[in-house]
Structure formats: C-alpha cells, structure tokens
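The structure appears right after this line, and notes come after that.
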Amino acid sequence: MARTLDPETREALVARVRFYRDLGLTEFYRRPVDSTSGAPEPALSLSKGLASETWESIPQPDSQPISSQEDQPIPPASPSPRPRKSPPPFPRRSRLRLQLIRDEIGDCTRCALHTGRNKLVFGDGSPSARLMFVGEGPGADEDAQGLPFVGKAGQLLNNMIAAMGLKREEVYIANVVKCRPPGNRTPEPEEANTCSPFLFRQIDVVRPRSS
C-alpha cells in the first residue's frame, strides 16, 4: 500500500522521477531496509509503490520507453587500422635496376662534359640506403677512379658519415652530373638538365627515407 507523502517530499520525488525519466530510466526498485537496525527509511527512497503515486502526475510521452543499457550493450570500439608502411626495396633488385640505369648512360656524349672526361662517375654505396648524399659533380680524384667523393671532400664526407654512427657502405652517394666539369666548376644549367634525369631515377631506386 502506497505511503502518503507530504507536499514537499512529493514535489521533490516528482522532480527526481522526471529527471530519471528524461534519462530514459522508467523502472524503479526499492532498496531493502534492515528493520532490525532501527535506521529510518530515506525520505526519497524510490520504489514501485512510491513511484506509482507520483508517476501518474507526470505527463507521459507517447513513444515507447528507452531500453536499458543492459538490453542494448555498447559494442567495443574497433581499433583503427595502422597505416601500412612501404617495404624497403629488395637490395639485389635495386642493384640490378641501378645497373640498368648505368648501362643506359653508357659511354655518354649527351653534353659537352664528355670531352674532358676520364671516367664516368655513376654512384657508390648501398642500393637500399636510408640516407643519400648528392654532390654537384666529380672532381679530379673522382674522375680518375670513377667513384664519387674519394678526394679531400670524400674524406670529410666519410668523417661526417662516421659521426652519424654509419658506414660509407650503408649510404648511397651520387652527383648531379656524371662527368667532371673543367676546373671543377659548377655544372652549367644545360649540363645539369641533361644529366639530372638519371639522378632522379637513382633516387627512385634507392628511395632514401625522409625520417
């Protein structure tokens, strides 16, 4: 049998029931009270008996009550897929591709630099290096040996590579132009434009990492 409430308690209970209804909660259960403890029953304890008296005084919506969270469990969030990293190039395949570029260059006569050339300087180092160094053009020592950065500038570069905790064999070294400019001058725009496509193809094969 429902208990008669004083107006103040009834108003507070109506406000509380309205609050729970706005949250989608429509079922209330009375909390058991130990009669032997002598503790007074809370004035705003909700039960079906008390709620039924006040629920009728609250305008009810026409829609069906919202189901509890137990009826509609929240699915666990699926982990976002990790972006796939491109695999590093296969060293043997990269070496073969570099050799194809070198073969295409051949005994190059595409620009005037070939007239003073001793040896064409293609590149040196690991075909799958994470780090690549590019110079302007070969010097006298490089022109004599056919390898990039082997003179005084090469010794300085080797020291820089060692200071980075790497070995020369772990990086790749090339030049913009493959033939020595006279007097080690800076390559002319026409010379650089003629030879740079081969450099771009070397970079595309080695694929040095940006980080």
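The values are calculated or read from the model by the stated rules, or taken from the named source; none is laboratory data. Nothing here was measured: the structure is a model prediction, and the numbers come from that model. Cβ sites come from the backbone with ideal geometry, for glycine too, and all protein chains shown count toward neighbours. All accessible areas refer to the heavy atoms of the entire protein, side chains included, with ligands and DNA or RNA removed. Shrake-Rupley method; radii C 1.70, N 1.55, O 1.52, S 1.80 Å.
Out of Asn175, Asn159, Asn184, one residue alone is surrounded by 13 or more Cβ atoms within 10 Å (Cβ to Cβ), more than 21 Å from Ser94 (Cα to Cα) and not hydrophobic (A, V, I, L, M, F, W, C). It is Asn184. One residue stands out in the stretch 187-211 among those that are among the polar types (S, T, N, Q) and open to solvent by 40 Å² or more (accessible area, probe 1.4 Å): the one that is nearest to Cys108 (Cα to Cα), namely Thr194.
For the stretch 154-179, give me the residue count where each residue is closer than 18 Å to Glu136 by Cα and in contact with a Lys or Arg (Cβ under 6 Å, 6 or more places away or on another chain). Within the stretch 154-179, residues that are closer than 18 Å to Glu136 by Cα and in contact with a Lys or Arg (Cβ under 6 Å, 6 or more places away or on another chain) number 2. Answer yes or no: is there a residue in the stretch 103-114 that is at pLDDT below 95, crowded, with 18+ Cβ neighbours inside 10 Å and in a loop (DSSP other than H, G, I, E, B). Within the stretch 103-114, not a single residue is at pLDDT below 95, crowded, with 18+ Cβ neighbours inside 10 Å and in a loop (DSSP other than H, G, I, E, B).
Going through the stretch 115-129 one residue at a time, which ones are open to solvent by less than 60 Å² (accessible area, probe 1.4 Å) and closer than 24 Å to Thr186 by Cβ? Within the stretch 115-129, Gly116, Arg117, Leu120, Val121, Phe122, Gly123, Asp124, Gly125 meet the criteria. Residues in the stretch 153-185 that are in contact with a helix residue (DSSP H, G or I) (Cβ under 9 Å, 6 or more places away or on another chain) and over 24 Å from Leu131 (Cβ atoms): Cys179, Arg180, Pro181, Pro182, Asn184. A Cβ distance below 6 Å, combined with a sequence gap of six or more or placement on separate chains, defines the contacts here; from the stretch 153-180, residues that are in a helix (DSSP H, G or I) reach residues that are small (Gly, Ala, Ser) and open to solvent by 10 Å² or more (accessible area, probe 1.4 Å) in the pairs Glu170/Ser126. Residue count for the stretch 131-145 satisfying the condition of being crowded, with 19+ Cβ neighbours inside 10 Å and in a helix (DSSP H, G or I): 2.
If you go through the stretch 143-155 one residue at a time, do you hit one that is of a type outside the set (D, E, K, R), touching a strand residue (DSSP E or B) at 6+ places or on another chain (Cβ under 8 Å) and modelled with pLDDT under 95? The answer is yes; a qualifying residue exists.
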